[in-house]
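Please read the structure below before turning to the comments.
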Amino acid sequence: MKSISLLMVEDHKLLRVGLKSLFNDTPDIKLVAEAETGKEAVDKARLLKPDVILMDIGLPDISGIDATRRILSNSPEQKVIMLTSHIDEKEVMSALNAGAYAYVIKDINTEILLMVIKTVNDGAIWLDPQVVPLIRDKSSCFIPQKQTSRAAFRAQHGNLTEREYEVLKLVVDGQSNAQIANTLTISEHTAKAHVCNIIQKLVVDDRTQAAVKAIKEGLV
């Protein structure tokens with residue numbers, strides 16, 4: 001299986017050293033380059049065409065968000081994971097609007113970080129659970145350039161049944177399995193089964209990622 005090529009953008013040397021050690025011990029992820037500034041990241045992304053870019057937000061020249069916007073304007077197929085040490089609603093929204101596929105807090109467990117890189121490379125969305133409440137009430141307005149029509153979403157995910165679409169909308173609304181069961185007058189076991197099917201069909205890891213993907217692709 002082809003390894004995932006990764007560009008790491010981080011201005012703190014100690015963190016770069018730690019991450020580099022992690023990636024060197026992970027055979028299916030290949031660290032192809034490092035960058036310390038936003039401009040360097042833009043140049044290396046254009047030159048090397050990595051699959052995934054791990055992008056620090058706080059960089060010494062331009063921000064990681066600005067760098068992401070420039071990178072994706074040249075190569076929209078590249079996937080960016082935003083990395084930050086703090087939670088800021090404006091930064092979350094700006095990062096997603098810039099086209100980032102994931103928003104990660106720096107205290108993330110290393111095993112989860114590796115999972116996020118692989119998930120994003122497969123085309124899925126991932127948000128740190130700490131930032132999900134910041135976008136839950138924003139509906140679809142926070143990533144307008146990424147939205148598609150409901151018809152387009154259905155075309156891409158035609159294997160979802162009508163009932164699963166109903167359940168997915170309730171998941172986006174933040175309803176639990178018990179609440180979904182009550183809303184649709186079905187058993188909680190059936191509601192759970194629908195949610196599991198949705199997660200599998202959307203190729204995501206949990207209900208939060210399913211909700212984010214539905215929002216980002218314009219279902220709601």
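What the table shows:
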{"quantity": "Candidates I71, I53, I62 - the one that is outside any helix (DSSP H, G or I), within 19 Å of the chain's Cα centre (by Cα) and either crowded, with 22+ Cβ neighbours inside 10 Å or not small (G, A, S) (or both)", "calculated": "I53"}
{"quantity": "Only one of K118, K90 that is in contact (Cβ under 8 Å) with a residue 60 or more places away in the chain, in a helix (DSSP H, G or I) and either open to solvent by 20 Å² or more (accessible area, probe 1.4 Å) or among the charged types (D, E, K, R) (or both)", "calculated": "K118"}
{"quantity": "Test: residue in the stretch 142-159 that is within 17 Å of the chain's Cα centre (by Cα) and modelled with pLDDT of 85 or more", "calculated": "no"}
{"quantity": "Tally of residues being touching a helix residue (DSSP H, G or I) at 6+ places or on another chain (Cβ under 9 Å), more than 15 Å from L83 (Cα to Cα) and open to solvent by 30 Å² or more (accessible area, probe 1.4 Å) across the stretch 13-29", "calculated": "2"}
{"quantity": "Flag for Q179 being within 19 Å of L96 (Cα to Cα) and part of a helix (DSSP H, G or I)", "calculated": "no"}
{"quantity": "Within the stretch 121-136, considering residues that are of a type in the set (A, V, I, L, M, F, W, C) and assigned to a loop (DSSP other than H, G, I, E, B), the one surrounded by the fewest Cβ atoms within 10 Å (Cβ to Cβ)", "calculated": "A124"}
{"quantity": "Test: residue in the stretch 42-49 that is among the basic types (K, R), touching a residue at least 12 places away in the same chain (Cβ under 8 Å) and buried (at least 19 other Cβ atoms within 10 Å of the Cβ)", "calculated": "yes"}
{"quantity": "Single unsatisfied condition, V32 versus (1) surrounded by fewer than 21 Cβ atoms within 10 Å (Cβ to Cβ); (2) within 25 Å of D107 (Cβ to Cβ)", "calculated": "(2)"}
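The values are calculated or read from the model by the stated rules, or taken from the named source; none is laboratory data. What you are looking at is a predicted structure, and each value in this text was computed from that prediction instead of being measured. Cβ: placed from backbone, ideal geometry, glycine included. Neighbour counts: every protein chain shown. Areas reflect the complete protein model, heavy atoms only, side chains present, ligands, DNA and RNA absent. Shrake-Rupley method; radii C 1.70, N 1.55, O 1.52, S 1.80 Å.
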